[in-house]
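In what follows, a single structure is set out as structure tokens and then discussed.
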Amino acid sequence: MKGKNISIKGSITINGVTKPITLSGIYKGEFINPMTKTTIAVFQITTDIVRKDFNIGLSYPTAALGDVVKLESTVELISVCKETSLFCFTACIIYCGAF
């Protein structure tokens, strides 16, 4: 399953504005945490948002700032049920940056 592409649909709220969002990602693999003995699944996810949709930087021209913001994150999901290998969506976000 490593390397499998994923898609997650949901909503995102930024600056008090909520919009639908689709996160694209790739499953990077899983490992056993040596301290807690829990299974951790690792995903890299990305999406693009339009800053003006969230009322961000409205006074800046698109030529100076750009309209599209790329969001990227590495997410770890922690197994909550050893019998079924289910992962909870209480994610530990390792890195999230806008480029």
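Just so you know, all these numbers are worked out from the coordinates, no wet-lab data involved. Just so it is clear, the structure is predicted and the values come from calculations on it, not from any experiment. Methodologically, a virtual Cβ is constructed for each residue, glycine included, from the backbone with ideal geometry; neighbour enumeration extends over all protein chains shown.
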Answer yes or no: is there a residue in the stretch 69-83 that is more than 19 Å from G3 (Cα to Cα), outside any strand (DSSP E or B) and not charged (D, E, K, R).
no
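Of everything in the stretch 1-28, what is in contact with a strand residue (DSSP E or B) (Cβ under 7 Å, 6 or more places away or on another chain) and either charged (D, E, K, R) or not in a strand (DSSP E or B) (or both)? Give them in sequence order.
So in the stretch 1-28, the residues in contact with a strand residue (DSSP E or B) (Cβ under 7 Å, 6 or more places away or on another chain) come out as 1-12, 18-28.
Answer for the stretch 1-28, where residues must be in contact with a strand residue (DSSP E or B) (Cβ under 7 Å, 6 or more places away or on another chain) and either charged (D, E, K, R) or not in a strand (DSSP E or B) (or both): M1, K2, G3, K4, K9, K19, K28.
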